[in-house]
Ligand SMILES: NC(=O)c1ccc[n+]([C@@H]2O[C@H](COP(=O)([O-])OP(=O)(O)OC[C@H]3O[C@@H](n4cnc5c(N)ncnc54)[C@H](O)[C@@H]3O)[C@@H](O)[C@H]2O)c1
């Protein structure tokens, strides 16, 4: 299978590319090393891929003509579109860029796919589309018309434009709503990484809303497995939740990280943050039934693996 992965130098993208290469796929990656977080981390991710047989890479912007040209020259069977401006809170400070990349970039890639006759497109959506919903767990059939951050709105917009391309050009499109993904190489501003870093540095952990916000944390290997299964079960327009379907309060996450690091956290309580959802919790019945998705990593095991990776790859840096 020839696969084009956008956001290939990022957290999820680099894991997916590694997996696809092991499966014998031919992989074309694109990423512009957006400065949202340190380029050096993305270069480290990419170094695990570069030089491998069947891997090609373009440093470029998904909003560019060059990106569409890359689709034409690499002729993928399927595009897995992960590149995005990620993160809820920063999107409030920078809504124009989030919209430009997440909506404009997605349209440009869908256009590129249509022009090149690519028949399959997987779009990385997010649990954030469930916005202010109170009914848990979240199901794909629930209304998602109340995004509470620009990021969430761009992901919902991405799903909508994907649907339009499915109808107009007949391509199979699957939108995957990821629920807080964590694991080795995670984005450094995300809770698991940030809390671990602060514990090791002896710094205070900012805990919003008394740490009562609850999250469905999904281990990276389970996400990659879900993406792969969705790539192999495409047909029409589909939407799937990919979560662990287990929920933990953020304050209890701190306890788990304390256990794995063997250190005590210093916590600073802060008021709830605009854009933050009180709970995310995935109903994964549809993905289980239609894709055979079967997440396997309890939070304690996933955090143990993360901390192990962190000690080896980040702690040494200071
Ligand atoms: N990590 C999570 O918990 C999570 C949850 C829900 C959804 N998602 C979605 O999954 C995808 C991957 O997330 P991630 O955590 O790996 O983030 P990431 O930031 O590590 O990866 C995204 C990559 O996209 C690249 N990128 C950004 N703008 C670009 C542009 N204009 N052109 C080309 N490349 C560009 C970045 O340089 C980065 O390497 C994103 O679409 C994100 O919204 C992630």
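Each value in this text was obtained by applying a stated rule to the coordinates, not by laboratory testing. Here the structure is a predicted model, which means the values were calculated and not measured. Here the Cβ is made from the backbone with ideal geometry for all residues, glycine too, and neighbour counts use every protein chain on show.
The value of relative contact order for segment 127-193, using C-alpha pairs under 8 Å at least six residues apart, is 27 percent. Annotation for segment 79-156 versus segment 253-318: alpha-carbon center distance of 22 Å.
Between residue 313 and residue 268, full extension at 0.36 nm per residue minus the direct alpha carbon distance yields a gain of 13.5 nm.
When DSSP beta bridges are restricted to pairs lying wholly in the chain, around 5% turn out antiparallel. Computing FRET efficiency as 1/(1 + (r/R0)^6) for residue 47 and residue 23, where r is the C-beta to C-beta distance and R0 is 22 Å, gives about 0.60.
Highest mean packing comes first when the peptides 57-69, 5-17, 78-90 are listed by Cβ atoms within 10 Å, giving 5-17, 78-90, 57-69. Measuring spread by the Cα atoms of segment 1-141 yields a radius of gyration and Dmax of 15.5, 47 Å.
Return one number: the angle in degrees, 0 to 90 and rounded to the nearest 10, between the long axis of the Cα atoms of helix 191-201 and the longest principal axis of the Cα atoms of the chain. Result, in degrees: 40.
Here the mean projected area of the convex hull built on the C-alpha positions of segment 1-59 is 3.4 nm². Enclosing the Cα atoms of segment 210-318 in their convex hull gives a volume equal to 138 cubic angstrom per residue. For segment 1-36 versus segment 167-237, the spacing of their alpha-carbon centroids is 16 Å. Note on residue 160/residue 73: beta-carbon distance plugged into 1/(1 + (r/R0)^6) with R0 of 25 Å gives a FRET efficiency of 0.30. FRET efficiency for the pair residue 252 and residue 276, taken as 1/(1 + (r/R0)^6) with r the Cβ-Cβ distance and R0 = 22 Å, rounds to 0.85. Extension gain for residue 65-residue 210 works out to 47.5 nm (0.36 nm per residue, less the C-alpha to C-alpha distance).
Sorting the segments 190-197, 274-281 by their residues' average number of neighbouring beta-carbon atoms within 10 angstrom, most packed first, yields 190-197, 274-281. Label segment 74-116 by shape, choosing from rounded, prolate and oblate, from the square roots a ≥ b ≥ c of the eigenvalues of the Cα gyration tensor; if a/c is under 1.5 it is rounded, and otherwise prolate applies when a/b is larger than b/c, oblate when it is not. Verdict is prolate for segment 74-116. Between residue 142 and residue 100, the simple spin-label model (points 7 angstrom out along Cα→Cβ) gives 3.3 nm. A viscosity of 1.567 mPa s and a temperature of 4 °C, combined with the Kirkwood radius over C-alpha pairs in the Stokes-Einstein formula, give the chain a diffusion coefficient of 66 µm²/s.
With contacts taken as Cα pairs under 8 Å at a separation of at least 6 residues, the chain carries a relative contact order of 17 percent.
Secondary-structure-derived ellipticity at 222 nm for the chain, considering helices only, amounts to -12500 deg cm²/dmol, per-run term -39500 (n - 2.57) for DSSP H runs with n ≥ 4. Which shape class, rounded, prolate or oblate, goes with segment 244-302 when its Cα gyration tensor gives a ≥ b ≥ c as root eigenvalues, a/c under 1.5 marks rounded, and past that a/b bigger than b/c marks prolate? Oblate shape, in that a/c is at least 1.5 and b/c is the bigger or equal ratio.
How would segment 30-113 be classified by its alpha-carbon gyration tensor: rounded, prolate or oblate, with rounded meaning a/c under 1.5 and the a/b versus b/c comparison settling the rest? Oblate shape, in that a/c is at least 1.5 and b/c is the bigger or equal ratio. Applying 0.36 nm per residue to the separation of residue 203 and residue 115 and subtracting their alpha-carbon distance, the gain on full extension is 26.6 nm. Between helix 11-22 and the chain there is an angle of about 60 degrees, using the helix long axis and the longest principal axis of the Cα atoms.
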